[in-house]
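**Q** Here it is: the structure, laid out below.
The values are calculated or read from the model by the stated rules, or taken from the named source; none is laboratory data. Here the structure is a predicted model, which means the values were calculated and not measured. Ideal geometry is used to build each Cβ from the backbone, glycine not excepted, and the neighbour counts take in all protein chains shown. With ligands, DNA and RNA removed, areas are computed over all heavy atoms of the protein, side chains included. Shrake-Rupley method; radii C 1.70, N 1.55, O 1.52, S 1.80 Å.
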2 protein chains.
Amino acid sequence: MYKIRTVGTVAAILAAFSVQAREPVDANTINRIADEGYNHGQVIALAAHLTDQIGGRMTNSPAMRQAEKWTQQMFTQWGLKNVHAEGFDFGRGWWIESASSRMVAPRPLPLTSIPVAWTPPTKGALTAPIVVAPIRHERDLAQWKGKVKGKIVLISYPEPLKDDTQVAFKRLDDSELGKMSTYDQPHFDPDAAVDGYKNWIQLPGNINRFLAAEGAVAIVKMSYRSQGLVHGEGYFHQKGETVPLPEVEMAAEDYRRLARLAKVGDVKLELNSNVHFDDRDMNAYNILAEIPGTDPKAGYVMAGAHLDSWVAGDGATDNGAGSVVVMEAARILSSLGVKPKRTIRFALWAGEEQGLDGSMAYIEKHLATRPRPTNAAEAKLPKFMWTTYPITPLPGFNDMAGYFNLDNGSGKIRGIYAEGNFAAVPVLKTWLAPFDSLGANKVVAKKTGGTDHQIMAAMGLPAFQFIQDPLDYGSKTHHSNLDTFDHLRTEDLRQAAVIMATVLLQAAEADQPMPRNVLPRQPSPTDPFKYRDPAKD
Amino acid sequence: MYKIRTVGTVAAILAAFSVQAREPVDANTINRIADEGYNHGQVIALAAHLTDQIGGRMTNSPAMRQAEKWTQQMFTQWGLKNVHAEGFDFGRGWWIESASSRMVAPRPLPLTSIPVAWTPPTKGALTAPIVVAPIRHERDLAQWKGKVKGKIVLISYPEPLKDDTQVAFKRLDDSELGKMSTYDQPHFDPDAAVDGYKNWIQLPGNINRFLAAEGAVAIVKMSYRSQGLVHGEGYFHQKGETVPLPEVEMAAEDYRRLARLAKVGDVKLELNSNVHFDDRDMNAYNILAEIPGTDPKAGYVMAGAHLDSWVAGDGATDNGAGSVVVMEAARILSSLGVKPKRTIRFALWAGEEQGLDGSMAYIEKHLATRPRPTNAAEAKLPKFMWTTYPITPLPGFNDMAGYFNLDNGSGKIRGIYAEGNFAAVPVLKTWLAPFDSLGANKVVAKKTGGTDHQIMAAMGLPAFQFIQDPLDYGSKTHHSNLDTFDHLRTEDLRQAAVIMATVLLQAAEADQPMPRNVLPRQPSPTDPFKYRDPAKD
């Protein structure tokens, strides 16, 4: 069996710029990790299974249930301990059996669209004339009263196509990495959460219910990307929230054509959303697995990525990539037989796409809680958007000695966002030092959002997200029908797994636990003299 | 009524670098053309009708028949003369009423695909297991004997996705325009036509017939572009050539997923190609219209663009754009009441996409002929690929005093390809001189191919193609499902119409007819010592 030695060459050299006196991970272990990841890696086979075989994994869908089982099987097969699924209340399952849309008048034409998640089925082919009724605000609803009966309603404003003058697939160069060093000071706007509620949840629900009450038969919205991409995000997954009308998101080119044709004549569509709800189990499940630590008092470090995806594509870059890198890091460390001081815990979250629900559930169970908002609008938002205080640490709060999240596509790791934890910057720099030639050497205090580490950091935990090359994540694959295995990059995923495994081991073996940020308290508003802008209502 | 004056300021200034003594177009007329095009232009309304209302216009399809009628109506309405359709033998009509494809095993998944033009319908939903049988050569067929019965056969090699590191939407900068000044000497390879036959026509037909004889039920090929684009080009439009098996082209991401899944298990597809043949009229039609010249002995100048498109998208940039610019140039000149010396003829070609068939039919009827090849393979190729001599001028050969083609998408005009007609370069430069500030000032001797002027130039006629900004034509829209109105640019089309109208009028009024190239004779092979490469067989 392998045993970690406590002095190493790399560690000795690097001790100079570390706040910690010593790096106990044997440098040879880093090389063994690299050998296992590069020469015996399984990350791409894992990715193929997760994306091609299982496919898109909306939380509580049948595919996500498969993924929950398969990931636990893999962790168990690799010898991880305490492998289990931890449930939390989420809502309805939903999946697409088949779906199509086409124009039937003024001429026959197949259209590209996708049912919006958690909207009801059309119950066979639904054929009806369209009306274009762009609605941006609650106040826009009234003008459509009496005008939508029996119609398929196109509710988006047909924003024109922009010239596609940006490179779709990119890697970060030194100048772009350099700009990330700038720390953006935090801003606090008490209105933000309420605006989030209005735009994200209240308005789409009200539109759907209003149009249903007015006798409309279905809703079409326009994709927010052009070039034929569709996404289909929807937010009414909780029982009792389900909206009455079937809704599809249509490719922008197709939507704009319908909108133009409707200016000069009658347009008729046929929609077919053969989708299904599945209410057999309203719990979603985070998948957890461990390499146990040798010192029961030393707590744990944690790697996380969300296993769930959206409905379009196969959830490859968002976030099959992060999930299989976390799995591969677990496999590598387990196969090397490491016995770290701290436990290394691996988490594959559910419900991330609906608002970091899985990681929030973990936090509330194991780490810390915050009060339910008294503002009814804020209380309806995903908990990660709550801005209530005080944060109350649970007994496990201090056991969590570092959380590392990976969720920015398939691009290789270029560094780490320290999320405002300034004291952690030199520590993380030390840990990344072996990986200069892998392009992963940038540690910045900057915060980045949009995924599970964000809520951990916001609750006062030492949580970090890796900086990754963007590839075509932002331009193409994020949440879209192009989020398939093709858009993964084998070499990038291998690199990420090697770095993830090494950083976890270093965090688990460090003499001192990761420097922690202060426990957040009610922040002062950035602009105490701000008036609410009526344009936002 | 307007009458052309014979001296003008711009003409006087420009006479210095013209081989012609005088430019008889009144400079004020150029300004009237610009005013009509920019301030009273209809080009974008024409484009919307042609692409949104009529849509994709495969030669001899019902939509193309509509376009034939509508374009004649418009020419007539604008007061053009001799408006008529000139028929030529083409083949079968074909159109898609509806089409879809999905994976049914190992999991349900909608797929993006398009029926290949002129392949037969599936007659309802066709469900069958797949086999991946990449076939690049005739010699690859034998290994699939006995292995495809009852199967849907995936015949493409699943080339992996390339990083999308080029900007999709581009305008030419001075450096790129500068590079176009280099004249590429002509090359003649006697094998080229035969290789064209093998790759383009013989192999796809043989694959389809072989797989049908082996009991396969349908064919799927992979799109040659990624990012979800499909095209569906097919070449068996002639009666008696129709292939037996339904065939679809699938989005590359979807195709590769199927190919990967087939490596590890059984995959089943459902295909539905609800397509129709239409044999009511096997003739295709070029649409012709004129502004008559005042001097019956002066011949005519001609503008041309092909009205037909492929099956995916609405034929917007290929070549609705060129068609509506030609139409708008006709409308502008007619509305100004010009009475040019030479007739100005406007041509909207059919059958361009199957091999410049419409312009070739016009040439054979009015301009020149060449012998039918004795080589059977070459004789089966579209006539523009024939390399037989001598070219025999018809009586109308010298009447044609200049042909101007527009067929490189929606981008504005940046100059003119003089197609090896060196003597025409200074003349064309003079004509473009007013348009420096429109970015259209580059005249190059370089040849460019792929559209109707090519065969005119190859037959010894003074034929030219405009240089255009590429926009996203090559990267996205050319022949694809994204070839929709959205990808047109109003300002570019207006600029092109103004320049097209002006150049035509200058050509029609020029004292001297356009310098002509010599009549092409049998060229000497570029490499007389070349051996045939067995890899090509």
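**Q** Looking at the range B:397-432, which of its residues are of a type in the set (Asp, Glu) and in a helix (DSSP H, G or I)?
**A** The answer is B:Asp399, and nothing else.
**Q** Identify the residue in the range B:157-175 that is under 23 Å from the mean Cα position of the chain (by Cα) and within 29 Å of B:Gly420 (Cβ to Cβ) and, among all such residues, is farthest from the other protein chains (Cβ to nearest Cβ).
**A** So in the range B:157-175, the residues under 23 Å from the mean Cα position of the chain (by Cα) come out as B:168-172.
Next, only the ones that are within 29 Å of B:Gly420 (Cβ to Cβ) stay: B:170-172.
Details: B:Lys170: 8, B:Arg171: 9, B:Leu172: 14 Å.
So, considering only residues that are under 23 Å from the mean Cα position of the chain (by Cα) and within 29 Å of B:Gly420 (Cβ to Cβ), the one farthest from the other protein chains (Cβ to nearest Cβ) is B:Leu172.
**Q** Where residues in the range B:386-413 are touching a residue at least 60 places away in the same chain (Cβ under 8 Å) and more than 23 Å from B:Leu348 (Cβ to Cβ), which of them is most open to solvent (accessible area, probe 1.4 Å)?
**A** Per the stated criteria, the residue is B:Asn398.
Here is a yes/no grid of residues against (1) away from every other protein chain (no Cβ under 14 Å); (2) touching a residue at least 40 places away in the same chain (Cβ under 8 Å):
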| residue | (1), (2) |
| --- | --- |
| A:Val43 | yes, yes |
| A:Leu50 | no, yes |
| A:Gln66 | no, no |
| A:Trp78 | yes, yes |
| A:Val83 | yes, yes |
| A:Gly91 | yes, yes |
| A:Met103 | no, yes |
| A:Pro106 | no, yes |
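Table: residues versus (1) in contact with a Gly (Cβ under 8 Å, 6 or more places away or on another chain); (2) open to solvent by less than 10 Å² (accessible area, probe 1.4 Å); (3) touching a residue at least 60 places away in the same chain (Cβ under 8 Å); (4) not aliphatic (A, V, I, L, M).
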residue: A:Ala330; (1), (2), (3), (4): no, yes, yes, no
residue: A:Leu333; (1), (2), (3), (4): no, yes, yes, no
residue: A:Arg342; (1), (2), (3), (4): yes, yes, yes, yes
residue: A:Glu353; (1), (2), (3), (4): no, no, yes, yes
residue: A:Tyr362; (1), (2), (3), (4): no, yes, yes, yes
residue: A:Arg370; (1), (2), (3), (4): no, no, yes, yes
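**Q** Being in a loop (DSSP other than H, G, I, E, B) and more than 30 Å from B:Gly124 (Cβ to Cβ) is the filter here, so list the residues in the range B:79-102 that pass it. Break it down stepwise before answering.
**A** The first filter runs over the range B:79-102 and keeps only residues in a loop (DSSP other than H, G, I, E, B), leaving B:79-80, B:90-92.
Across the range B:79-102, the qualifying residues are B:Gly79, B:Leu80.
**Q** Suppose we keep only residues that are surrounded by fewer than 12 Cβ atoms within 10 Å (Cβ to Cβ) and over 13 Å from A:Gly415 (Cβ atoms) within the range A:176-186. Which one would you say is nearest to the other protein chains (Cβ to nearest Cβ)?
**A** If we take residues in the range A:176-186 being surrounded by fewer than 12 Cβ atoms within 10 Å (Cβ to Cβ) and over 13 Å from A:Gly415 (Cβ atoms), then A:Thr182 is nearest to the other protein chains (Cβ to nearest Cβ).
Yes/no matrix, rows are residues, columns are (1) among the acidic types (Asp, Glu); (2) closer than 23 Å to A:Asn517 by Cβ:
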residue	(1), (2)
A:Val338	no, no
A:Glu353	yes, no
A:His366	no, yes
A:Leu394	no, yes
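**Q** Looking only at the range B:113-153, filter to residues that are basic (Lys, Arg) and part of a loop (DSSP other than H, G, I, E, B); which one of those is surrounded by the most Cβ atoms within 10 Å (Cβ to Cβ)?
**A** B:Lys151
**Q** Criterion first (aromatic (Phe, Trp, Tyr) and either within 13 Å of chain A (Cβ to nearest Cβ) or free of Cβ contacts under 8 Å to residues at least 12 places away in the same chain (or both)) does B:Tyr255 satisfy it?
**A** Against the criterion (aromatic (Phe, Trp, Tyr) and either within 13 Å of chain A (Cβ to nearest Cβ) or free of Cβ contacts under 8 Å to residues at least 12 places away in the same chain (or both)), B:Tyr255 qualifies.
**Q** Considering the range B:454-484 alone, what residues qualify as being in a helix (DSSP H, G or I) and in contact with a Leu (Cβ under 9 Å, 6 or more places away or on another chain)? Step through it out loud before you land on a result.
**A** Quick first cut of the range B:454-484, residues in a helix (DSSP H, G or I) only: B:454-458, B:473-477.
Of everything in the range B:454-484, those that are in a helix (DSSP H, G or I) and in contact with a Leu (Cβ under 9 Å, 6 or more places away or on another chain) turn out to be B:Gln454, B:Ile455, B:Met456, B:Lys476, B:Thr477.
**Q** Please verify whether the range B:426-440 includes one or more residues that are of a type in the set (Lys, Arg), over 26 Å from B:Met327 (Cβ atoms) and at pLDDT 95 or above.
**A** yes
**Q** Something else now. Would you call A:Ser437 assigned to a helix (DSSP H, G or I) and touching a Phe, Trp or Tyr at 6+ places or on another chain (Cβ under 9 Å)?
**A** Numbers: assigned to a helix (DSSP H, G or I): yes; touching a Phe, Trp or Tyr at 6+ places or on another chain (Cβ under 9 Å): no.
Here the answer is no, as A:Ser437 does not meet what is asked.
**Q** For B:Ala218, indicate whether it is within 14 Å of chain A (Cβ to nearest Cβ) and open to solvent by less than 20 Å² (accessible area, probe 1.4 Å).
**A** No.
**Q** Which of the following residues is among the polar types (S, T, N, Q), under 17 Å from the mean Cα position of the chain (by Cα) and away from chain B (no Cβ under 14 Å): A:Thr448, A:Thr430, A:Thr477, A:Thr484?
**A** Exactly one of A:Thr448, A:Thr430, A:Thr477, A:Thr484 is among the polar types (S, T, N, Q), under 17 Å from the mean Cα position of the chain (by Cα) and away from chain B (no Cβ under 14 Å), namely A:Thr448.
**Q** Could you list, in sequence order, the residues of the range B:489-510 that are outside any helix (DSSP H, G or I) and open to solvent by 10 Å² or more (accessible area, probe 1.4 Å)?
**A** The answer is B:Arg489, and nothing else.
**Q** Output the residues belonging to the range B:295-312 that are open to solvent by 10 Å² or more (accessible area, probe 1.4 Å) and either touching a helix residue (DSSP H, G or I) at 6+ places or on another chain (Cβ under 7 Å) or among the β-branched types (Val, Ile, Thr) (or both).
**A** B:Gly299, B:Tyr300, B:Val311
**Q** Counting just the residues of the range B:419-441 that are buried (at least 20 other Cβ atoms within 10 Å of the Cβ) and in contact with a Lys or Arg (Cβ under 6 Å, 6 or more places away or on another chain), which one comes out nearest to B:Glu176 (Cα to Cα)?
**A** That would be B:Ala440.
**Q** State yes or no: is B:Met327 within 16 Å of B:Leu50 (Cα to Cα) and not in a strand (DSSP E or B)?
**A** For B:Met327, the condition - within 16 Å of B:Leu50 (Cα to Cα) and not in a strand (DSSP E or B) - is met.
**Q** Moving on to the next point. If I filter the range A:227-240 down to residues being touching a residue at least 60 places away in the same chain (Cβ under 8 Å) and away from every other protein chain (no Cβ under 14 Å), which single residue comes out as surrounded by the most Cβ atoms within 10 Å (Cβ to Cβ)?
**A** Here the residue is A:His237.
**Q** Specify the residue that is farthest from the other protein chains (Cβ to nearest Cβ); the eligible residues are those in the range A:451-472 that are within 17 Å of A:Leu381 (Cα to Cα) and open to solvent by 10 Å² or more (accessible area, probe 1.4 Å).
**A** A:Ala458
**Q** Would you check which residues across the range A:20-72 are basic (Lys, Arg) and open to solvent by 30 Å² or more (accessible area, probe 1.4 Å) and list them?
**A** Result: A:Arg22, A:Arg32, A:Arg65, A:Lys69.
**Q** Restrict the check to the range B:250-267 and report whether at least one residue is closer than 29 Å to B:Gln66 by Cα and surrounded by fewer than 24 Cβ atoms within 10 Å (Cβ to Cβ).
**A** First, the residues of the range B:250-267 that are closer than 29 Å to B:Gln66 by Cα: B:250.
Retained after the next criterion (residues that are surrounded by fewer than 24 Cβ atoms within 10 Å (Cβ to Cβ)): none.
Among the residues of the range B:250-267, not one is closer than 29 Å to B:Gln66 by Cα and surrounded by fewer than 24 Cβ atoms within 10 Å (Cβ to Cβ), which makes the answer no.
**Q** Among the numbered criteria (1) assigned to a helix (DSSP H, G or I); (2) within 30 Å of A:Gln238 (Cα to Cα), which single criterion is violated by A:Thr76?
**A** Going through the list (1) assigned to a helix (DSSP H, G or I); (2) within 30 Å of A:Gln238 (Cα to Cα), A:Thr76 breaks only (2).
**Q** So which residues in the range B:108-120 are under 17 Å from B:Glu249 (Cα atoms) and within 14 Å of chain A (Cβ to nearest Cβ), if there are any at all? Steps first, answer last, please.
**A** First, the residues of the range B:108-120 that are under 17 Å from B:Glu249 (Cα atoms): B:109-120.
Hits for the range B:108-120 are B:Leu109, B:Pro110, B:Leu111, B:Thr112, B:Ser113, B:Ile114, B:Pro115.
**Q** Go through the range A:168-212 and report how many residues are without any contact (Cβ under 8 Å) to a residue 24 or more places away in the chain and not small (Gly, Ala, Ser).
**A** So the answer is 6.
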